[in-house]
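Encoded as structure tokens, the structure appears first; notes follow it.
All of the numbers you see were taken from the coordinates with simple rules; none came from a lab. Computed from a prediction, not measured in an experiment: that's the story for all the values here. So basically every Cβ, Gly included, is an ideal-geometry build from the backbone, and we count neighbours across all protein chains shown.
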């Protein structure tokens, strides 16, 4: 499909007589069929070295608790809030963005006060937050494989570290990047790029896992292959945003599955780029005047 898409994206190659068209298509297809061999002979396909994952909704099932906590904060300060407004907090935004969305313009003191109150309410309901199904086994499997792991979360460092310690899964992660570490949140790529730097691994050799549209966009902007975690209601939105694969949870998902997925996607992307380059080169050489 990648080869066909690239051919169709080069309309100049489809012009001319039937005989010349057959010749051109045959040349492209034969060349494309050789590219997997050329790749293995030296054209680098990024090999998976690690994962960069979102925290809320990917590592921990925490969105219901966060929504309830923000709802309670709004009630305490007399701020009306709708269910659709609360959905905003599950989309991967930084705390400052959430506060502005719910309350409008606030002073620094008010932002701190409301944020502290929200954290206290979350801690009061800590027993309701559990790992996403299948994630503990997957983290253990990834660790056994020697893959580096990092968190790229829009949450605050104190909250993320507190939950990791509480759930006893913090030891799996080599680096934890939160909103405290970057000036720009998702969909800017800063969280993911910072994670790549901290791990010492190029973005192309990392797999990102996200549950929000702005997170998918951030990971893609950082140059990472990204998969999504969502129920059927939200899955199509993540696919449109650029997720290469969308799952509901991690039950039955293994490190081998993720390694194969990354290899498949990156090799297909390399082949597609090569087809596009060959198309552009052929067009330039044979149609110098456009």
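Ranked by how many other Cβ atoms sit within 10 Å of their own Cβ, fewest first, the residues 93, 70, 245 fall in the order 245, 93, 70.
Quick one: check the C-alpha center-to-center distance for segment 58-106 versus segment 125-142, whole angstrom. If you average the Cα positions of each part, the centres end up 23 Å apart.
Expressed in nm to one decimal, what extension gain is obtained for the pair residue 103 and residue 251 from 0.36 nm per residue of sequence separation less their Cα-Cα distance?
Length gained, residue 103 through residue 251: 49.5 nm.
Label sites at residue 157 and residue 76, each approximated as a point 7 angstrom past Cα along Cα to Cβ, lie 2.5 nm apart. Compared with the direct C-alpha span, the chain from residue 269 to residue 83 gains 63.0 nm at full extension, assuming 0.36 nm per residue. Legend: calculated FRET efficiency, residue 236 to residue 126, from the Cβ-Cβ distance at R0 = 41 Å, rounded to 0.05, equals 0.80.
Packing order of peptides 152-164, 102-114, 51-63, 226-238, highest average first: 51-63, 152-164, 226-238, 102-114 (average count of other Cβ atoms within 10 Å over each peptide's residues). With the simple spin-label model, which puts each label point 7 Å out from Cα in the Cβ direction, the residue 140 to residue 184 separation comes to 4.0 nm.
Take the Kirkwood radius over Cα pairs of segment 63-127, plug it into Stokes-Einstein at 4 °C and 1.567 mPa s, and you get 110 µm²/s for translational diffusion.
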